[in-house]
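The values are calculated or read from the model by the stated rules, or taken from the named source; none is laboratory data. Just so it is clear, the model here is predicted, and its values are computed rather than measured. Here the Cβ positions follow ideal geometry from the backbone for every residue, glycine too, while neighbour counts run over all protein chains shown. These area figures cover heavy atoms from the full protein model, side chains too; ligands, DNA and RNA do not enter into them. Shrake-Rupley method; radii C 1.70, N 1.55, O 1.52, S 1.80 Å.
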Amino acid sequence: MGSLLEVKALTKAYDGKQVVRGINFSVQEGEILGYIGPNGAGKSTTIKMIIDVEKKDNGEIFYCGEKIGNIMKVYKKAIGVVPQEIAIYEDISAYDNVKFFCSLYGHKGDDLKERVKEALEFTGLWEHRKGLPAKFSGGMKRRLNIACSIAHSPKLLFMDEPTAGIDPQSRKHIMESIKILNARGTTIVYVSHYMEEIEALCNRIIIMDHGEIIEDMEKSQLKLKFEKLGCKNLEDIFLRLTGTALRDGEE
Amino acid sequence: MPILSRMLYYDIKRRVKDGFFIGYNLIFPLVMIFLLGYLTSESYGTEFTGYHYYTVVMLPFCVAMAMITAAYAGKEDAYRKTALRLLFSPVTKAQIVLAKLLSCTIVISLCNIMVLSSASLIIRLPIWGAFFPVILLLTIETFATCAIGLFIGLGMKNFIIVKNILNIPICAGGILAGSFYPIGTLNPKLNTVLHLSPLTWINKSIFLYVFDHAPSLLWKTAGICLAVGIIFTGLAVKFFKREEYSHGDLPGFDQ
């Protein structure tokens, strides 16, 4: 499997403060890449630059070997994003939400209806398709947030804390869904603060802090490397690399 | 085009369901026309009543107020956090701007048609021969004010500041145009000041068309409004900033 996405020397500064400092990494086709770091590490900014929501100051992003700037429409059709914040319209039905966002990718007619149905069934919301998200629980809103992001069948899916603030049942459902999506061929970049999720899902892990990538390797290699230093799990490794000092107000 | 029409369809659907939007553009003008018309009913004759006057001057003023609702429409996706979804999907900034602009223009114009029709039927405004040109002028004015409102709304993070800033020139323009109380003067210097308000020209155009059957000023005014609308649409697309569009919080906003 080759590189689906390559990030080279990516930088970003806000008001003169460097938040992303020339980072390099790639995403291999078919993997689930865990992307972790403390608050203010630069993870969300990196993802926003990759999905073309924020302008990069310097560096290049390649999709299938092509600069994304040259193939922007193709690239945007190929990616899906589950944003950290629930990005849905609460005053239109769950069905209409998925239908609307999927239609932005050019799908229409029976193909569109089929995709909407599949995405809602996949996230366990088909029974609630006529309901207004305003009346949904937190877990249901999170699942709808995912349904809106996968209905167009993206090749590369960015998930930014998709399980934040939900009950264990919904979390389990989402985790299982991610595994199924990956098994069907979707490459996933998974951003989370929940180390047990990263440990359970990801093949490879990137740890970022202070705008730099401080570790990038296969999960098994990473565990092996830090086992000798007394780290029992990913959380131990993470704290060893990023320290235990609080990161208040750095987001 | 299919993506724009899909965005437009959902934007219109949400505008129609938006109580604030409908209240501002349908209920408010009707209340103002009937309230001010009633309060001034003794000051006018029987052929040309206070209701007639306020129907003609209140609609263009309310359309100017639509600048604020358009600015809100421009920021709405940031408050709902859906702006991000539009930005990472294969949608162009021109499609985002046009969907907002056209949905606001269409829904507000439908509100104008309802207000003008109701006023004409209830208070017998002699507008039927001039209904189409007047609605056309108001629609073009709506397009221009929405384009200005969107240009400002998309460029600023805080809707409350936008609203406070826009309120001042709109109300000043309304006062100069006699939207609240008829202002007429023979003093040429004061007359020049009154004509600084675009609303004065729009009101004058409608009065001349409806009561004097003189159409030329109405078409000129419509042409200028159309040009302003096109210019500000172009500016809104050109100066569209992804960061400004996706960021912003409205205190107390809960979708």
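Name the one entry in A:Thr11, A:Thr45 that is surrounded by fewer than 22 Cβ atoms within 10 Å (Cβ to Cβ), hydroxyl-bearing (Ser, Thr, Tyr) and more than 13 Å from every other protein chain (Cβ to nearest Cβ). Break it down into steps so the answer makes sense when it comes.
Working: A:Thr45 fails: more than 13 Å from every other protein chain (Cβ to nearest Cβ).
Step by step, each of A:Thr11, A:Thr45 is checked, and only A:Thr11 is surrounded by fewer than 22 Cβ atoms within 10 Å (Cβ to Cβ), hydroxyl-bearing (Ser, Thr, Tyr) and more than 13 Å from every other protein chain (Cβ to nearest Cβ).
Every residue in the range B:62-93 that is among the polar types (S, T, N, Q) and either within 14 Å of chain A (Cβ to nearest Cβ) or without any contact (Cβ under 8 Å) to a residue 12 or more places away in the chain (or both), please. Walk me through how you get there before you give the answer.
Step one: filter the range B:62-93 for residues among the polar types (S, T, N, Q), giving B:69, B:82, B:89, B:92.
Within the range B:62-93, B:Thr82, B:Ser89, B:Thr92 qualify.
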If you go through the range B:87-101 one residue at a time, do you hit one that is outside any loop (DSSP other than H, G, I, E, B), in contact with a Cys (Cβ under 7 Å, 6 or more places away or on another chain) and closer than 23 Å to B:Pro2 by Cα? yes
Of the residues in the range B:1-36, those that are more than 14 Å from chain A (Cβ to nearest Cβ), open to solvent by 50 Å² or more (accessible area, probe 1.4 Å) and more than 18 Å from B:Gly178 (Cα to Cα) come to B:Tyr24, B:Ile27
Can you report the number of residues in the range A:71-83 which are at the interface with chain B (Cβ under 9 Å from one of its Cβ atoms) and closer than 13 Å to A:Leu144 by Cα? 2
Within the range B:110-147, the residues that are closer than 30 Å to A:Leu104 by Cα, crowded, with 22+ Cβ neighbours inside 10 Å and polar (S, T, N, Q) are B:Thr142, B:Thr145
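Restricting to the range B:66-81, name every residue that is open to solvent by 20 Å² or more (accessible area, probe 1.4 Å) and aliphatic (A, V, I, L, M).
Going residue by residue through the range B:66-81, those that are open to solvent by 20 Å² or more (accessible area, probe 1.4 Å) are B:67, B:72, B:80-81.
Answer for the range B:66-81, where residues must be open to solvent by 20 Å² or more (accessible area, probe 1.4 Å) and aliphatic (A, V, I, L, M): just B:Met67.
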If the requirement is being in a loop (DSSP other than H, G, I, E, B) and of a type outside the set (Phe, Trp, Tyr), which of these qualifies: A:Glu127, A:Glu121, A:Glu90? A:Glu90
Of the criteria (1) within 15 Å of the chain's Cα centre (by Cα); (2) open to solvent by 10 Å² or more (accessible area, probe 1.4 Å); (3) more than 14 Å from A:Ser3 (Cα to Cα), which one A:Glu31 fails: (3)
Out of the range A:138-195, which residues are modelled with pLDDT under 90, under 12 Å from the mean Cα position of the chain (by Cα) and within 25 Å of A:Phe100 (Cβ to Cβ)? A:Glu161, A:Pro162, A:Thr163
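Those residues that are assigned to a helix (DSSP H, G or I), within 20 Å of A:Tyr105 (Cβ to Cβ) and not hydrophobic (A, V, I, L, M, F, W, C), I need them from the range A:149-176; list them, please.
Of the range A:149-176, the ones assigned to a helix (DSSP H, G or I) are A:149-150, A:168-176.
From what is left, the residues that are within 20 Å of A:Tyr105 (Cβ to Cβ) are A:149-150.
Across the range A:149-176, the qualifying residue is only A:Ser149.
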Kindly indicate which of B:Leu39, B:Leu84 is surrounded by 18 or more Cβ atoms within 10 Å (Cβ to Cβ) and more than 18 Å from the chain's Cα centre (by Cα). B:Leu84
In the list A:Ile92, A:Ile86, which residue meets the criterion of being open to solvent by less than 70 Å² (accessible area, probe 1.4 Å), among the aliphatic types (A, V, I, L, M), more than 21 Å from the chain's Cα centre (by Cα) and facing another protein chain (nearest Cβ under 9 Å)? A:Ile92
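Do the conditions hold for A:Lys130, that is, is it open to solvent by 60 Å² or more (accessible area, probe 1.4 Å), more than 9 Å from every other protein chain (Cβ to nearest Cβ) and free of Cβ contacts under 8 Å to residues at least 24 places away in the same chain?
Values: open to solvent by 60 Å² or more (accessible area, probe 1.4 Å): yes; more than 9 Å from every other protein chain (Cβ to nearest Cβ): yes; free of Cβ contacts under 8 Å to residues at least 24 places away in the same chain: no.
When the stated conditions are applied, A:Lys130 does not pass them.
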Looking for something out of contact with any Asp or Glu (no Cβ under 9 Å at 6 or more places or on another chain), open to solvent by 60 Å² or more (accessible area, probe 1.4 Å) and either in a helix (DSSP H, G or I) or within 14 Å of chain A (Cβ to nearest Cβ) (or both) - is there at least one such residue anywhere in the range B:48-61? no
